[in-house]
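Here is the structure we will look at, set down as structure tokens.
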């Protein structure tokens, strides 16, 4: 046991996996008390000195009661060996599991949540990035202090083929146009990841701390202490209390559709909606199959309170909005979140009468045609 390190009560989901088992061993060796969530058939795979908790990682009701008195929850559940062909599994396993962990941690008063996300943005693995980004958004909305680690690929036993790419990464890192991407999407070892996870447990932040590949690579386990490099840079925001913009709305109808968090409340003849779009969201990817139309046929009028979105119409017209900004989006569009920040839109509508009541066109009008129509109207007035 390392006397210099304060002992924590740590609850680990995914405790028998590629990162979970060595992490638990490292935490126990440093004097922490660890419990691991496991399926009944995997109980014997947990390190001997860890306390097993039997349950289903996708269903918090099966294990949430065993979470106290943990002060830290490390979430490691996910689809093994993720690749683009596993998009469905990401939504059936990865997303429900982090949702369950956030729910359980919130109810139990856990002070710190550690989450392994993925390096972003990236030109591939978009479905995986979208789901992991939604997980990050759930954590931010909860108000729990958190450490989010964003590796790209973790090298280790049975995960060694990317070593062949090391010379290519070294070359790309030296070229100015590709240096940033090579650093952000670089390879890390399992040893570095375990050190970074231990550091996260032992040094909880006040808000949400995001640790990228360069800082994961600097993680070291030293006798009596765990340190990142002295020049570690993290994104940290004060979320000691729930973000008011994302806090629960009293008497609102809350639902989730395609990864989008929606709160609806009636006032007078209208509805006011708070819509939270996670990073990586795109209407044509996440909503099209649910709605059954080629494009989004709703009009959107309201106030963009956070984030950045891009809208594109079938004729090639496009617009980009950045908070804070008032927006009016015509029916017949695709849209997506730009960047790594969730988008929060405060929207007003009159259900099926929205277009008429707000004076919106039934469908998008190409800018040239719309301008011609406006000019024609001006001429008539002059006549």
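The values are calculated or read from the model by the stated rules, or taken from the named source; none is laboratory data. Worth saying up front: this structure is predicted, and the values here are computed from it rather than measured. Cβ coordinates were reconstructed from backbone atoms using ideal geometry, including for glycine residues, and neighbour counts include every protein chain displayed.
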Tally time: how many residues in segment 17-41 are in contact with a strand residue (DSSP E or B) (Cβ under 6 Å, 6 or more places away or on another chain), farther than 19 Å from residue 199 by Cβ and in a loop (DSSP other than H, G, I, E, B)? 0
Considering segment 258-283 alone, what residues qualify as being in contact (Cβ under 8 Å) with a residue 24 or more places away in the chain and closer than 16 Å to residue 351 by Cβ? 269, 270, 271, 272, 273, 275
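Per-residue answers, yes or no, for (1) over 21 Å from the mean Cα position of the chain (by Cα); (2) at pLDDT below 75; (3) under 27 Å from residue 26 (Cβ atoms); (4) surrounded by 14 or more Cβ atoms within 10 Å (Cβ to Cβ):
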site: 186; (1), (2), (3), (4): no, no, yes, yes
site: 192; (1), (2), (3), (4): yes, no, yes, yes
site: 201; (1), (2), (3), (4): no, no, yes, yes
site: 204; (1), (2), (3), (4): no, no, yes, yes
site: 208; (1), (2), (3), (4): no, no, yes, yes
site: 218; (1), (2), (3), (4): yes, no, yes, yes
site: 228; (1), (2), (3), (4): yes, yes, yes, yes
site: 239; (1), (2), (3), (4): no, yes, no, yes
site: 242; (1), (2), (3), (4): no, yes, no, yes
Matching residues, segment 82-109, being in contact (Cβ under 8 Å) with a residue 40 or more places away in the chain and loosely packed, with under 15 Cβ neighbours inside 10 Å: 83, 84, 107, 109
Quick one: in segment 131-150, of everything that is under 17 Å from residue 84 (Cα atoms) and modelled with pLDDT of 90 or more, which residue is surrounded by the fewest Cβ atoms within 10 Å (Cβ to Cβ)? 131
Which residues, counting only those in segment 333-355, are touching a helix residue (DSSP H, G or I) at 6+ places or on another chain (Cβ under 6 Å) and buried (at least 16 other Cβ atoms within 10 Å of the Cβ)? 334, 335, 342
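What tally of residues in segment 311-333 results from selecting those that are more than 19 Å from residue 348 (Cα to Cα) and either touching a residue at least 40 places away in the same chain (Cβ under 8 Å) or touching a strand residue (DSSP E or B) at 6+ places or on another chain (Cβ under 9 Å) (or both)?
8
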Cβ pairs under 6 Å, 6+ apart or interchain, first in segment 196-216 and on the phi > 0 side of the Ramachandran plot and free of Cβ contacts under 8 Å to residues at least 60 places away in the same chain, second crowded, with 23+ Cβ neighbours inside 10 Å and part of a helix (DSSP H, G or I), ordered by first then second residue, are none
State the number of residues belonging to segment 42-74 that are in a loop (DSSP other than H, G, I, E, B) and either touching a residue at least 24 places away in the same chain (Cβ under 8 Å) or within 18 Å of residue 103 (Cβ to Cβ) (or both). 14
Condition check: within 25 Å of residue 256 (Cα to Cα), at pLDDT 95 or above and crowded, with 17+ Cβ neighbours inside 10 Å. Does residue 73 satisfy that? yes
From the list 97, 85, exactly one residue is in contact with a helix residue (DSSP H, G or I) (Cβ under 9 Å, 6 or more places away or on another chain) and either part of a helix (DSSP H, G or I) or at pLDDT below 95 (or both). Which is it? 97
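The rows are residues; the columns are (1) over 28 Å from residue 124 (Cβ atoms); (2) touching a helix residue (DSSP H, G or I) at 6+ places or on another chain (Cβ under 8 Å).
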residue	(1), (2)
244	yes, no
257	no, yes
261	no, yes
277	no, no
Residues located in segment 19-41, provided they are without any contact (Cβ under 8 Å) to a residue 60 or more places away in the chain and surrounded by 15 or more Cβ atoms within 10 Å (Cβ to Cβ): 20, 21, 24, 25, 28, 33, 34, 35, 36, 37, 38
Which of the residues belonging to segment 100-132 are out of contact with any helix residue (DSSP H, G or I) (no Cβ under 9 Å at 6 or more places or on another chain) and in a helix (DSSP H, G or I)? 129
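In this structure, does residue 338 turn out to be in contact with a strand residue (DSSP E or B) (Cβ under 8 Å, 6 or more places away or on another chain), within 20 Å of residue 280 (Cβ to Cβ) and in contact (Cβ under 8 Å) with a residue 60 or more places away in the chain?
No; evaluated as a whole, the condition is false for this residue.
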With the condition kept exactly as written, say whether any residue in segment 9-26 is more than 24 Å from residue 148 (Cβ to Cβ) and either under 28 Å from the mean Cα position of the chain (by Cα) or at pLDDT below 95 (or both). no
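Among the listed residues 330, 320, 325, which satisfies the condition of being modelled with pLDDT of 90 or more and crowded, with 17+ Cβ neighbours inside 10 Å?
Values: 320 fails: crowded, with 17+ Cβ neighbours inside 10 Å; 325 fails: crowded, with 17+ Cβ neighbours inside 10 Å.
Going through 330, 320, 325 in turn, the sole match is 330.
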If we keep just the residues of segment 244-257 that are in a strand (DSSP E or B) and either touching a strand residue (DSSP E or B) at 6+ places or on another chain (Cβ under 9 Å) or at pLDDT below 75 (or both), which is surrounded by the fewest Cβ atoms within 10 Å (Cβ to Cβ)? 255
